[in-house]
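Each remark here refers to the structure printed beneath this line.
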Amino acid sequence: MEVKVMNVTEKKELMGKYAKKLENAIKREASVMKEMENDKALIKSLEEQKTSGVAFDNTVYESYDAWIETIKKQIKKSENTLTNIEFKKVELEAIQKYIA
């Protein structure tokens with residue numbers, strides 16, 4: 001089997017396509033941040049309701065604590081997504097310099 005060696009133009013073309021994928025992933029940053037802020041506000045609200053003794057009325061979760069734990073996991077996931085987006089920004093910058 002013969003391995004085809006790509007020339008510089010082909011490499012830059014391939015990296016240009018990958019750069020587009022990175023750009024699309026980076027565009028999600030604002031929505032991820034907004035979602036995380038909403039989740040933090042929800043936790044605050046749930047904790048206030050729990051503290052003030054508001055009756056728990058949710059058929060999905062068994063308690064305020066279970067609901068809050070789920071939201072905290074979602075926040076952690078959002079934080080990881082934002083970390084990955086920061087890496088994609090660095091990657092995109094390097095690719096843009098390479099294909100320029």
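The values are calculated or read from the model by the stated rules, or taken from the named source; none is laboratory data. Bear in mind that the values here come from a model prediction, so they are computed numbers and not experimental data. Methodologically, a virtual Cβ is constructed for each residue, glycine included, from the backbone with ideal geometry; neighbour enumeration extends over all protein chains shown. Heads up: the accessible areas ignore ligands, DNA and RNA and are worked out on the full protein's heavy atoms, side chains in. Shrake-Rupley method; radii C 1.70, N 1.55, O 1.52, S 1.80 Å.
Here Lys50 qualifies as in contact with a helix residue (DSSP H, G or I) (Cβ under 7 Å, 6 or more places away or on another chain) and free of Cβ contacts under 8 Å to residues at least 24 places away in the same chain. What about Leu22, is it of a type in the set (A, V, I, L, M), in a helix (DSSP H, G or I) and loosely packed, with under 15 Cβ neighbours inside 10 Å? Here the answer is no, as Leu22 does not meet what is asked. For the range 24-80, filtered to residues that are within 20 Å of the chain's Cα centre (by Cα) and acidic (Asp, Glu), the residue that is nearest to Glu91 (Cα to Cα) is Glu29. Does Tyr64 satisfy the condition of being within 15 Å of Lys40 (Cα to Cα) and surrounded by 12 or more Cβ atoms within 10 Å (Cβ to Cβ)? Yes. Before we move on, is Asp39 assigned to a helix (DSSP H, G or I) and either at pLDDT 95 or above or not hydroxyl-bearing (Ser, Thr, Tyr) (or both)? So Asp39 fits the description; yes. Assessment of the range 27-50 against the conditions (among the polar types (S, T, N, Q) and open to solvent by 90 Å² or more (accessible area, probe 1.4 Å)) yields no matching residue. Among the residues of the range 71-87, those that are of a type outside the set (A, V, I, L, M, F, W, C) and more than 26 Å from Tyr61 (Cβ to Cβ) comprise Thr83, Asn84, Glu86. Specify the residue that is farthest from Ala30 (Cα to Cα); the eligible residues are those in the range 77-91 that are open to solvent by 50 Å² or more (accessible area, probe 1.4 Å) and hydrophobic (A, V, I, L, M, F, W, C). The selected residue is Val90.
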